[in-house]
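Here's the structure, in structure tokens; my notes come after.
The values are calculated or read from the model by the stated rules, or taken from the named source; none is laboratory data. Note that the structure is a prediction, hence the values are computed from the model and not measured. Virtual Cβ from ideal backbone geometry, glycine too; neighbours counted across all protein chains shown.
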Amino acid sequence: MLYNKYVDQYIRKWRNGELILNEKRILLLELIEKHILPFDDLYYFNEDQIDNYIEFSEAWYFELDEWEKFISAFIFLFYKEDDEVVFDEFVINMGRGGGKNGFISTLSNYFVSSLHGIDYYDVSIVANSEKQAKRSFQECYRVINKKGNETLKEEFEAYKSSLTGLETQSVFEYKTSNASSQDGGREGAVIYDEYHEMESTDIVDVFSGGLGKVDHGRQFFIGTKGFVREGYFDIKYRECEDILNGLAPFKGVFPYICEIDSIEEMDKPELWPKSNPALQPPLNKRGKRLLNEIMKKYIKLEREPSGRSAFVTKRMNFLEDNMENSVATTEEIMATNRPFFKLDTVPIGSLDFGSVRDFATCGLLFKNRKKIEFAFKTFTFAIKQFCDVHYGYSLKEQLVGSEKRAPIRHWEKMGLMKVIDEPSLNPKHIVDWFIEARDLYGVRVIVMDNYKADILGPLLEKEGFEVIRLKRPSSLHPLLAPRIEDGFANKRFIFGDNPLMRWFTNNIFVKETQNGKQFLKKEEVKRKTDGFQAFVHALYKATELEEQVDYDDAFDMLDDIDF
């Protein structure tokens, strides 16, 4: 039976209920007990390397956590037959703040040292950005050059772009993941930092091609779940799942994955060590700081729910089943059905339409003088043929089979929209509506998509309006997402009794992308979103509303001053 004190302690503490582990780590331990530990005739732990690494790390860097010591044993697990490594790939996936970068800093420095003892065992750390790639390298550079570390200065030559072990002539460098500008070298180890941001296998293909030229080649994939779907992360994650579920051999890849097992567990702080081993009791000083930081972000979600997705993904290392969520809950959308406050400020006008052959929505965004609250007043024009085809507008009853159609005629009777019997919408309808709105409310500025402004912009400007053209409205969505989601959650938006606007809003889903959140259609044709997109356009200029002076309050204040 194979034995290593760090492995034995880790498994024993789990058996005794002292470790809070998620299902994937439990599966990993069961695989180790079944496929590794019974076979002392096939494998051996290189205890000297394990102890040397741990002593080196704790002498010059920090005390290693249990999980780091546990993994280090398998980094130095070898076949008896040929002294080759049993695991040449390590996938380390956990919530942000767990200490992944510190772990790879110590490993990288050790690999190029005389204690490791392999000549020309070069180490490359690869990340999407130079800042991220430099993080662990910079930690090593600072430790070596720290005043008083004369022993390390004799062992290593550390420059700002490379670190060399003088005895082994092994070099540690950082690189960015631009596959086209990289060539595979003679790496002994390659570390892919934040590998969830990698969209393809290109960079792995480049660097893995250089492995095998020196002994004991290894690759490390470290990161937290991200928003790049069907990229390299998903490929690696599925491979790990297959191994843990017994669908692929437990050799070559060591999958150490920390995550909550269900979304309900995010509301149970005592289970957070499932996603982040640094939170495992008893907490050290760093663990206490991390717990306080995560707890503050968790509490903040109540008033800023737009941060939920990032919290679940980055802190809990969990992807909710449906990442394409509605922009607001049903309750939050219904809460917009409140009477307007006094509309006595100059509003921002906005406009959106997908095509002049279906819908176009005009809007006015008002700011409450008294508190942080916005009212959005809308009117929609729709083409009759489109409404007939998709909503049965001309039928006596807007019901076809079991599918209820959008009640266009009812919304028209409520004065929320007008169906126009024209082949395409005459721009004059929109221009006239804004002229009337200017007479009533003083609107001067109208925000719209630059593409739509080709026709309407000049017509509105001819009538004296200032037209703000948005070149790429979707690029604004990530910037506006917090304001929109928090506004719904805190009931800061008022649409009045406007079921049409509520319908537009309900037809939106929030899609997480690498560039941030996007507000998209749940369905391309029938579920229109023009009113909501017009609302987004107006919110882009909402700061101008907030800058308007409340003159009534100003004069009241002057009256109270004794001159």
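General remarks:
- Those strands (runs of 3 or more DSSP E) of region 416-510 in which at least 1 residues are farther than 30 Å from LYS371 by Cβ and at pLDDT 90 or above, considering only elements entirely within it, cover 417-420, 466-470.
- Residue match in region 229-246 (condition: outside any helix (DSSP H, G or I) and hydrophobic (A, V, I, L, M, F, W, C)): no
- Candidate set: region 298-324, residues that are assigned to a helix (DSSP H, G or I) and over 15 Å from the mean Cα position of the chain (by Cα); chosen: the one surrounded by the most Cβ atoms within 10 Å (Cβ to Cβ): TYR298
Conditions (1) aliphatic (A, V, I, L, M); (2) in contact with a helix residue (DSSP H, G or I) (Cβ under 6 Å, 6 or more places away or on another chain), marked per residue:
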| position | (1), (2) |
| --- | --- |
| PHE254 | no, yes |
| GLN280 | no, yes |
| LEU291 | yes, yes |
| ARG303 | no, no |
| ARG315 | no, yes |
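- Top-ranked residue of region 1-20 - restricted to ones that are within 18 Å of PRO282 (Cα to Cα) and polar (S, T, N, Q), ranked as surrounded by the fewest Cβ atoms within 10 Å (Cβ to Cβ): ASN16
- Residue identified as buried (at least 22 other Cβ atoms within 10 Å of the Cβ) and at pLDDT below 95 among ALA127, ALA158: ALA127
- SER136 outside any helix (DSSP H, G or I), crowded, with 19+ Cβ neighbours inside 10 Å and in contact with a helix residue (DSSP H, G or I) (Cβ under 7 Å, 6 or more places away or on another chain): no
- Being under 27 Å from ARG369 (Cβ atoms) and either without any contact (Cβ under 8 Å) to a residue 40 or more places away in the chain or crowded, with 18+ Cβ neighbours inside 10 Å (or both) is a description that applies to GLU332.
- Region 411-426 residues that are closer than 13 Å to ASP497 by Cβ, paired with ones that are among the basic types (Lys, Arg) (beta carbon under 7 Å, 6 or more apart): none
- Residue that is of a type in the set (Val, Ile, Thr), within 26 Å of the chain's Cα centre (by Cα) and assigned to a strand (DSSP E or B), where the choices are ILE104, ILE125: ILE125
- Of all residues in region 370-396, exactly one satisfies the criterion of being β-branched (Val, Ile, Thr), more than 15 Å from ARG527 (Cβ to Cβ) and over 35 Å from the mean Cα position of the chain (by Cα), namely ILE383.
- Considered as a group, the residues in region 325-342 that are in contact with a Phe, Trp or Tyr (Cβ under 9 Å, 6 or more places away or on another chain) and part of a helix (DSSP H, G or I) include one that is farthest from LYS377 (Cα to Cα), and that residue is GLU332.
- Filter result for GLY496 (under 20 Å from ILE348 (Cβ atoms), in contact (Cβ under 8 Å) with a residue 60 or more places away in the chain and over 29 Å from the mean Cα position of the chain (by Cα)): yes
- Cβ pairs under 7 Å, 6+ apart, first in region 204-228 and under 20 Å from PRO255 (Cα atoms), second of a type in the set (Val, Ile, Thr) and part of a loop (DSSP other than H, G, I, E, B): HIS216/ILE118
- Set side by side, the residues ILE26, ILE11 differ, and just one is free of Cβ contacts under 8 Å to residues at least 40 places away in the same chain and in contact with a helix residue (DSSP H, G or I) (Cβ under 7 Å, 6 or more places away or on another chain), which is ILE11.
- Residues located in region 245-265, provided they are in contact (Cβ under 8 Å) with a residue 60 or more places away in the chain and among the charged types (D, E, K, R): LYS251, GLU259, ASP261
- THR345 being among the hydroxyl-bearing types (Ser, Thr, Tyr) and part of a loop (DSSP other than H, G, I, E, B): yes
- Among the residues of region 21-69, those that are more than 25 Å from LEU247 (Cα to Cα), of a type in the set (Asp, Glu) and surrounded by fewer than 20 Cβ atoms within 10 Å (Cβ to Cβ) comprise GLU47, ASP48, ASP51, GLU55, GLU58, GLU63, ASP65, GLU66.
- Count of region 39-53 residues which are under 19 Å from SER108 (Cβ atoms) and either of a type outside the set (Val, Ile, Thr) or free of Cβ contacts under 8 Å to residues at least 40 places away in the same chain (or both): 5
- Number of the exception - PHE353 against (1) crowded, with 21+ Cβ neighbours inside 10 Å; (2) without any contact (Cβ under 8 Å) to a residue 40 or more places away in the chain; (3) of a type outside the set (A, V, I, L, M): (2)
- Considering LYS69, LYS100, LYS13, LYS80, the condition of being more than 30 Å from PRO269 (Cβ to Cβ) and basic (Lys, Arg) is satisfied by LYS80 alone.
- Residue count for region 133-149 satisfying the condition of being more than 34 Å from the chain's Cα centre (by Cα) and hydrophobic (A, V, I, L, M, F, W, C): 1.
- Sole residue being over 30 Å from the mean Cα position of the chain (by Cα) and modelled with pLDDT under 95, chosen from GLU63, GLU33: GLU63
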